[in-house]
1. Cβ-Cβ distance below 8 Å, separation of 6 or more or different chains: which pairs start in segment 30-49 with a residue that is aromatic (Phe, Trp, Tyr) and end on one that is surrounded by fewer than 19 Cβ atoms within 10 Å (Cβ to Cβ)?
2. For segment 115-135, give me the residue count where each residue is more than 16 Å from residue 34 (Cα to Cα) and in a helix (DSSP H, G or I).
3. Of these, 199, 143, 159, which one is modelled with pLDDT under 95 and of a type in the set (Val, Ile, Thr)?
4. For segment 32-44, check the following and say yes or no: at least one residue is over 15 Å from residue 106 (Cα atoms) and either at pLDDT 95 or above or aliphatic (A, V, I, L, M) (or both).
5. Is there any pair with a first residue in segment 52-76 that is closer than 12 Å to residue 216 by Cα and a second that is among the charged types (D, E, K, R) and part of a loop (DSSP other than H, G, I, E, B) whose Cβ atoms are under 6 Å apart and which are 6 or more apart or on different chains, and what are they?
6. Only one of 15, 22, 60 is modelled with pLDDT of 95 or more, farther than 22 Å from residue 146 by Cβ and hydrophobic (A, V, I, L, M, F, W, C); which?
7. So which residues in segment 65-106 are closer than 30 Å to residue 36 by Cβ and surrounded by fewer than 19 Cβ atoms within 10 Å (Cβ to Cβ)?
Amino acid sequence: MRAPIRPVVWIALTALLCPTLAWSPAPDPSLAQRIVDGIYSRISALPTTLNLSLEVSGEAFPAGSHVGLLSGDSSCLSNWLRSPSDPRFGSHPVVITLAGQAYQVALVAQSARNAFRSLSGKDALEAARQKLPDGHLQVYVRIAGLAQEAQRAAYNLGIKQPASILRPYKTAYLEDWTRGSDGRFGGTMLYYFDLTQAILGNTLSLVVQTEADNRCTYTVGADLSRFY
């Protein structure tokens, strides 16, 4: 049996997440039922993922993006914005997606609906917990512009904490990797984080290093109040 989150950690999590925060470290059966009802189109679907587009257009990131530098000089961002496809500057992340246990509830519900089966929120939540434990977060990073597919392993992702950077406990590759007409590779990395010990506020700061040997370390802000 999986050990429950220790009470002191759980209190720290819930106390630090303000009342407007939507992301739930551990959805309750009521929220799970609402997610199921949304998948079955009984109510409007609930947002269970957060998509952060980093596609550059007109030398700018999409409106509302929060991209900065943890280390490196100003050319790290200016080169990305001015020449996002220039192979001299390596690859870049183009979309980052955050998903927690609520997303697993949605996936379980969608599978059940596709199979013409009824499903309760309680049963969906039980199945979701087998896929992703309470307080854990998945971060998908879609990459474009790698010179070699093997270079994807060089990508480094973390979550900024007050005195450290939280590392993922697991990394995986999705089966969407392809070679484009320009000869460069793109696809999606998946990182798993255990946030049960993390210090969280409304905004989570992701830390990203690419394969390029340019001393650039980027930060990407994610608003946790925008998804469940």
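1. If the second residue must be surrounded by fewer than 19 Cβ atoms within 10 Å (Cβ to Cβ), the pairs left are 40/113.
2. Within segment 115-135, the first condition is being more than 16 Å from residue 34 (Cα to Cα), and the residues that meet it are 115-117, 129-135.
Okay, now just the ones that are also in a helix (DSSP H, G or I), so 129-131.
Adding up the residues that qualify gives 3.
3. On the way: 143 fails: modelled with pLDDT under 95; 159 fails: modelled with pLDDT under 95.
Step by step, each of 199, 143, 159 is checked, and only 199 is modelled with pLDDT under 95 and of a type in the set (Val, Ile, Thr).
4. No, segment 32-44 contains no residue that is over 15 Å from residue 106 (Cα atoms) and either at pLDDT 95 or above or aliphatic (A, V, I, L, M) (or both).
5. Every condition considered, the pairs that remain are 72/215.
6. The unique qualifying residue is 60.
7. 95
Okay, residues lined up against (1) more than 21 Å from the chain's Cα centre (by Cα); (2) closer than 20 Å to residue 186 by Cβ; (3) at pLDDT 95 or above:
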position: 92; (1), (2), (3): no, yes, yes
position: 105; (1), (2), (3): no, no, yes
position: 108; (1), (2), (3): no, no, yes
position: 111; (1), (2), (3): yes, no, yes
position: 119; (1), (2), (3): yes, no, yes
position: 122; (1), (2), (3): yes, no, yes
position: 125; (1), (2), (3): no, no, yes
position: 130; (1), (2), (3): no, no, yes
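The values are calculated or read from the model by the stated rules, or taken from the named source; none is laboratory data. This structure is a prediction, so every number in the text was calculated from the model and none was measured. Counting neighbours? That spans all protein chains shown, and the Cβs are built from the backbone with ideal geometry, glycine included.
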